[in-house]
1. Taking springs between alpha-carbon atoms closer than 10 angstrom, which of A:LEU66, A:LEU111, A:LEU130 fluctuates most in the Gaussian network model of chain A?
2. What whole-number volume per residue, in cubic angstrom, does the convex hull of the C-alpha atoms of the protein assembly as shown give?
3. Go through A:ALA47, A:PRO87, B:SER74 and say which Cα lies farthest out towards the positive end of the charge dipole of the protein assembly as shown; charges sit on Cβ, +1 for Lys and Arg, -1 for Asp and Glu.
4. With +1 on the Cβ of every Lys and Arg and -1 on the Cβ of every Asp and Glu, and nothing else charged, how large is the dipole of chain A about its Cα centre, in debye rounded to the nearest 20?
5. Select from region A:4-102 those GluC sites (Glu not before Pro) which occupy a DSSP coil region and have at most 11 other Cβ atoms within 10 Å, ordered by residue number.
6. Give the separation of the Cα centroids, region A:77-142 to region B:43-88, in Å.
7. Say each of A:TYR109 and B:ARG96 gets a label point 7 Å from the Cα, pointing the same way as Cα to Cβ; how far apart are those two points in nm?
8. If contacts are Cα pairs under 8 angstrom and at least 6 residues apart, what is the relative contact order of region A:4-150 in percent?
Amino acid sequence: MESNETLRQELREAERGETLGWTGYRFPAWTPIAMAAWAATFTLGLAYLDGVTGNLWSLLHLAVMLGYIWWDHRTQAAYPSYTGRMPREYNRATAALFCSPLVIVPVTYLLGHYAAGWVAAVFIGVTWGLAVFLYNRAYARASAAVQARVA
Amino acid sequence: MTETPVSALAGLDPVLNAPKRLAIMAVLTGATSADFGFLRDHLAVSDSDLSKQAGALEAAGYLAISKSGRGRGSTTTYKATRPGRAAYTRHRDTLRALLG
């Protein structure tokens, strides 16, 4: 029968393995710029395009986002499971990213309504790009912390 | 050393008693999918060993294997099935309980 120490080693390896999908993920360096451009051009369409053109513009942006997710899934060697158990080190950064639209979107709407569409587009482009940039940095720091914990 | 009650061992899955299979399922439980090269490099196993262990897990219904492309550019991707995730979680929790 295996000794307790062997079983402990297996358990440690399993716990390390569970984190690999997260720590192995690498954000493409251009994602903050791409996300900023996506959000800004999407908002410009909402502000200045009406009818069929406006709907097509929105659909095009939706297709681009879905295409990006599909491409990212295919090109990453491993993809973290957001429905599985996320290592606790990522909690704060992920919560902050998912909550940031709760502030960014209403302010963008107000700017579009009371200032101008282009002002709203610039605002959302800058803030969303910054949010993604900060998330990518926080994600890298969290990955390093997870690797140190399970080493 | 104290005797382990038989009931405490019931959660251990015979398929996952092999450490390499347990390690493969651990990676696939934390990821939506992982490709062949990623698993091989991170688990430090040979190509043939990974194929063999993954084949055993597929036969048990614990993972799904998909292949895309042909020749040198082809990619083999692994994904844990729902029963596989459940079996892995049960096995790991039993190990934790046994080890206190």
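1. So, out of A:LEU66, A:LEU111, A:LEU130, the one fluctuating most is A:LEU66.
2. It comes to 158 Å³ per residue, whole-number rounded.
3. Selected residue: B:SER74.
4. I would put it at about 280 debye.
5. Those that pass, being in a loop and sparsely packed, number zero.
6. Comparing the Cα centres of region A:77-142 and region B:43-88, I get a distance of 34 Å.
7. Between A:TYR109 and B:ARG96, the simple spin-label model gives 4.1 nm.
8. 43
Since every read-out is calculated from the coordinates, none of them should be taken as a lab result. Computed from a prediction, not measured in an experiment: that's the story for all the values here. Cβ sites come from the backbone with ideal geometry, for glycine too, and all protein chains shown count toward neighbours.
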